[in-house]
1. Using a simple spin-label model with points 7 Å from Cα along the Cα→Cβ vector, what separation in nm is obtained for Cys46 and Arg89?
2. Could you tell me which Cys residues in the chain have no other cysteine's Cβ under 4.7 Å from their own Cβ, answering none if every one has a partner?
3. Would you mind checking the pairs Lys3/Lys141; Lys3/Lys61; Lys2/Lys86; Lys2/Lys141; Lys44/Lys107; Lys2/Lys139 and listing those with alpha carbons more than 25 angstrom apart?
4. Using Cβ counts within 10 Å as a stand-in for footprinting exposure, how do Cys46, Cys76 rank, fewest first?
5. Rank the residues Val48, Val59, Val39 as a footprinting-exposure proxy: fewest other Cβ atoms within 10 Å of their Cβ go first.
6. Which whole-number percent gives the relative contact order of the chain, counting Cα pairs below 8 Å spaced six or more residues apart?
7. Specify the angular offset, from 0 to 90 degrees and rounded to the nearest 10, of the alpha carbon long axis of helix 116-139 from the longest principal axis of the alpha carbons in the chain.
8. Relative to the longest principal axis of the chain, what angle (0 to 90°, nearest 10) does the C-alpha long axis of helix 52-81 take?
Amino acid sequence: MKKYLWPSLAVMIIAFIWGNSLQPAVESEALSIFWANLVKSIFKFCHVYMSVGVLDHMVRKLAHFTEFAVQGFFMCKSLLMFNVQKGARLALIIGILTAIIDETIQKFVPGRSSQVTDVLLDTLGVTMGILICRWFAVKHK
């Protein structure tokens, strides 16, 4: 049963990613503005001043990168658990396909758009997650 933890987490993060893409622009924007204002408050406390607009953009891009890094880690760990040959490569391919589907979903959601740059950012996130997974695998053998 423990063997299925990582694949379950991998499927759940993909569902989370695609669920976020199904949010209309108004809901998505409200959530990212909430986080941007929170970050702005933290930065202000540290005497760093940035506009909410800049922080909103940074929050959105960081969310893309982070979600996909988590997906890359979970997918890589899943494939390692099942001793899949070339698991890192397969995890990367699955991550890229997830990103392409994610951006395609957004094309059909009111007020949302699809961006190739987000697919590239997502791919970087997946790659980072895979690298972290591989590092842990080597370090904890």
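1. 4.1
2. So far as the 4.7 Å Cβ criterion goes, Cys46 stand without a partner in the chain.
3. Working: Lys3/Lys141 17 Å; Lys3/Lys61 32 Å; Lys2/Lys86 22 Å; Lys2/Lys141 18 Å; Lys44/Lys107 36 Å; Lys2/Lys139 21 Å.
The answer is Lys3/Lys61; Lys44/Lys107.
4. Cys46, Cys76
5. Numbers: Val48 10, Val59 21, Val39 18.
Result, fewest neighbours first: Val48, Val39, Val59.
6. Values: 156 pairs, mean separation 46.0, N = 141.
Averaging sequence separation for qualifying contacts and normalising by length gives 33 percent for the chain.
7. Rounded to the nearest ten degrees, it is 50.
8. So the helix axis and the longest Cα principal axis differ by about 10 degrees.
Laboratory data are not the source of any read-out in this text; all were calculated from the coordinates shown. Given the structure is predicted, the values throughout are model-derived calculations rather than measurements. Note that each Cβ is placed from the backbone with ideal geometry, even for glycine, and that neighbours are counted across all protein chains shown.
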